Structure formats: structure tokens, C-alpha cells
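Take a look at the structure below.
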Amino acid sequence: MSLTYQQLLVAVPLVLRGGNVPNIVGEAGIGKSALVTDIANKLDAKLFTTVVSLSEKGDLAIPIPPLNESSFLKTQSYGRLADVKFGYTHTLIQIIKQAELNPERLIIWFLDEFNRGSQAVQGELMNLVLQRQINDIILPDNVKIILAENPDDSMQGFEDTEYAVQTSDAAITDRTTRLVMSVSVPDWLEWAALGAKRPNIHNLVRQFIAENATLLYPTSRDIDLNPTPRAWQRVSDNLFQLQELSKKQQDELLFDIVAGDLGDSCASQFVTFVQEKTASLTAADVFDSLPKGAKLPMKIRNKFESFSEIQKLNVMKTLLLTADMSLDNNVGRFGELLNLIAPDGQYALVKQMTSAPILDDLYASENHYANVLYQQIMDIATR
């Protein structure tokens, strides 16, 4: 099982309140660091981040050369520590100072890319994570630790993963709470539309993902560059900057800049979308258009029928990923759209649906249109 971004916004603070250490496990680029930042903001916590993969053996254990008295931090309650401007020592001093200045405010120490650190580095961090102690320094009570890891092939559900990580020590695995993070297109689109001065994600990117949901984080991965939520955010940031240039410069640079984050294949689709503003349909277009009800409005039917078969399949796959298919009216409209696809496309879509939870939900439902769609799917599957 896995949790979405929005679910983790609830689950991680819950684990912290329980006095435990959350270990957020997820693929690279899906938003683990952004999640921890959001959690810190929601809890009004001071956030400190250490990227464990950049740490070296001895950052915690190597003796410090003789220093003068001003080189040491003397705390009232937590011990004495030399301020060395590298490794964990300086971060610890910042954390201790923050705790003494504001003992009531929560502090989060985020150890990112934990299992990309060497076994020696992980070993040095054991007392920090498990005993909340480094040498003679004991972490203040208001300091909470969060880990983040990429999956390794010893983890259930990730047997085929190929990340260059170190298998976590059994003690860490046993004494932290693993929370597996998944990519949720609705969650991401909701977050993407937020923002103070401007949306978190450029409108063109949001619209493209709303219409091509499988491209937020494709399950089929190339060897080189691939779309991820983090990569799409970089594309968005660059698009905002491109808009400051002349139209000629935008056209000259767009593909190469986008391909540098997404890879050539996905970049070609996105650039075509930007340049041609290809017509499509979102879940809101299909299911919220008036008049209400299970019958598909004629304007939506006509627009869908004007699409190529590839466009139709993209729309249907996106509807499955982004819409609430437990609603009978939605199911009714989806069934009408399914009838408008060529037989080969219907079979390909149904083959995908047979391995998804929606089929069990339709079978168990007592709603009329759910039963109709279930039978429709069975008829297509047995042709």
C-alpha cells in the first residue's frame, strides 16, 4: 500500500506526535522534499535539512583539532559542542541554538536521501535516529527527525527497482515507520494551482497534465531523462522565464529546455501541445458540464468525436486517473465515451481497466450505470 501527498500531510505529523520517526519512501522526483517543507509550514516548525548522500564517513566521528574557547557552543541543558563549519556539527549547533531560543517551537531535522549514504555514514547516524544522541549531545525534546529514502529491491513492492542505494540497516527499518509515497495526479494538480504571487505550476503544464495524466510520472521509464513531478516543476519555472523573452527566442529555445528535463519523447508531445494548443477534454469538462446527469452533453460528445483515436485514449486514461468513478452519473458518461472509441482502442483501454480496482468497484456497486458499464467492459473483453 502507498499514500498520496495529501494523505502523507496527515500521516507524517501523526507519526511524529506518536513519538516515532517517519521514513518516507518514494521514487526520485515525486515530491518527498516538498512534502516535508509543506509539513514544516503546516506545523509552524523550523526545518533543517541534511542530504545524507553528500555526507562522508567521519563527519560525526572524526576528532576535532584543538580549538579555543570561542569555538565551542555551551548550552544550558544539552551539552557542549565545537562549531565546525561542515558536516553535521554546524547544523547541530543551529538546531541547539534554535531550541534554546524557542523551546516551545517544533524543530524538524530532515535527513534526505538517507539510504544513498554509505553504510559507514548510516552507521554513524544510528544513535541520532535511534537514541537521539551524538557523542555527548542529546537532542532537545522539541526536535523531531524525518527520514526520506529511495526504494531498494529489498522493500516489498519494489523488488524490481534499480536505485543505487545502500540497503538500510535492520535497526533503522525496525525502529522507523515506513510511509510509502505514491504519485497522485489529482493531488498534484490541486497543489499546482496554489501559490501566492503566481501558481506553483504554469497553467500550460497544469492543462497538459490534466489532459495527459499518465505523463506526470510514466510507469515506462527511459534509460536517460524521464518526466517526474520535480521535472515538471522545473519545466514550469523555465516557462515563466521564457515568457520574458521574444516570441522568436521562445520558439528557438522551448524544445531544448523542455527536453533537458523530460527527455525528447515527452518534450515533443508537450511542445506540440504548447505550439498548437491541441484541443482536449479534462475530467471537469466531461463530468461537470451542463446539463447535469448521466447523459453526455452533445457539445462534449461532438468534441470527443472530433479527436483522433490516440487523443481519445489519452482522454479516457486521464479520466480514469483523475475522476471519481464511484459516482453513477460519471460512470454513465464514461460508458458513452467508451462507445465512441474504435474497437481496438476499446480493447486496449479495457485491458488496462481489468487490472485496476475500478472493475471490482463496478461489480460490487448497486448503481444502474455501474452495472451497465461493467457489462459493457465484459462484452469488450470477450470479443
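The values are calculated or read from the model by the stated rules, or taken from the named source; none is laboratory data. Computed from a prediction, not measured in an experiment: that's the story for all the values here. All Cβ positions, even for glycine, are placed from backbone atoms using ideal geometry, and neighbour counts span all protein chains on display.
Residue under question is residue 247, and the condition is that it be at negative phi, surrounded by fewer than 15 Cβ atoms within 10 Å (Cβ to Cβ) and outside the structural domain of residue 222 (by TED's automatic domain parsing); does it hold? Reasoning before the result, please.
Details: at negative phi: yes; surrounded by fewer than 15 Cβ atoms within 10 Å (Cβ to Cβ): yes; outside the structural domain of residue 222 (by TED's automatic domain parsing): no.
Criteria not met by residue 247.
Check whether at least one residue in segment 75-85 is at pLDDT 85 or above and surrounded by 14 or more Cβ atoms within 10 Å (Cβ to Cβ), and report yes or no. Even if it seems obvious, please write down each step before you answer.
Restricting attention to segment 75-85, the residues satisfying the condition of being at pLDDT 85 or above are none.
Taking every residue of segment 75-85 in turn, none turns out to be at pLDDT 85 or above and surrounded by 14 or more Cβ atoms within 10 Å (Cβ to Cβ).
Looking only at residues in segment 281-309 that are within 30 Å of residue 253 (Cα to Cα) and in the same structural domain as residue 337 (by TED's automatic domain parsing), which one is surrounded by the fewest Cβ atoms within 10 Å (Cβ to Cβ)?
Quick first cut of segment 281-309, residues within 30 Å of residue 253 (Cα to Cα) only: 281-282, 307-308.
Checking which are in the same structural domain as residue 337 (by TED's automatic domain parsing) leaves us with 307-308.
Working: 307: 18, 308: 9.
Looking at the filtered set, the residue picked out is 308.
With the requirement that a residue be touching a residue at least 12 places away in the same chain (Cβ under 8 Å), surrounded by fewer than 18 Cβ atoms within 10 Å (Cβ to Cβ) and more than 17 Å from residue 110 (Cα to Cα), what does segment 1-15 give you?
Selection gives 1, 2, 4, 6.
Please state which one of 23, 68 is assigned by TED's automatic domain parsing to the domain that holds residue 122, modelled with pLDDT of 75 or more and of a type outside the set (D, E, K, R). Can you show your working first?
Working: 68 fails: modelled with pLDDT of 75 or more.
After applying the criteria, what remains is 23.
Can you run down the residue pairs with Cβ atoms below 6 Å, 6 or more apart or on separate chains, where the first is in segment 307-327 and in contact (Cβ under 8 Å) with a residue 40 or more places away in the chain and the partner is part of a loop (DSSP other than H, G, I, E, B) and among the polar types (S, T, N, Q)?
314/212
Looking at segment 121-137, I want the residues that are without any contact (Cβ under 8 Å) to a residue 24 or more places away in the chain and have a partner that is surrounded by 20 or more Cβ atoms within 10 Å (Cβ to Cβ) and in a helix (DSSP H, G or I) with Cβ atoms under 6 Å, at least 6 apart or on another chain. Which pairs are those?
Listed pairs, sorted by first residue: none to list.
Name the one entry in 135, 142, 150 that is modelled with pLDDT of 90 or more and among the polar types (S, T, N, Q).
Working: 135 fails: modelled with pLDDT of 90 or more; 150 fails: modelled with pLDDT of 90 or more.
The match here is 142.
Determine, yes or no, whether residue 258 is under 25 Å from residue 184 (Cβ atoms) and either in contact (Cβ under 8 Å) with a residue 24 or more places away in the chain or among the acidic types (Asp, Glu) (or both).
no
Is there a residue in segment 255-276 that is among the β-branched types (Val, Ile, Thr) and out of contact with any helix residue (DSSP H, G or I) (no Cβ under 7 Å at 6 or more places or on another chain)?
Residues of segment 255-276 that are among the β-branched types (Val, Ile, Thr), as a first pass: 257-258, 271-272, 274.
With the extra rule that they be out of contact with any helix residue (DSSP H, G or I) (no Cβ under 7 Å at 6 or more places or on another chain), the set shrinks to 272.
Yes.
Kindly evaluate residue 236 against the criterion of being in contact with a His (Cβ under 8 Å, 6 or more places away or on another chain) and modelled with pLDDT of 90 or more. Working first, answer last.
Values: in contact with a His (Cβ under 8 Å, 6 or more places away or on another chain): yes; modelled with pLDDT of 90 or more: yes.
Yes, satisfied.
Can you list the helices (runs of 4 or more DSSP H) lying wholly within segment 189-279 that have 3 or more residues being within 21 Å of residue 317 (Cα to Cα)? I'd like the intermediate steps shown before the answer.
On the way: elements: 203-211, 229-242, 247-262, 264-276.
Passing ranges, in order: 203-211, 264-276.
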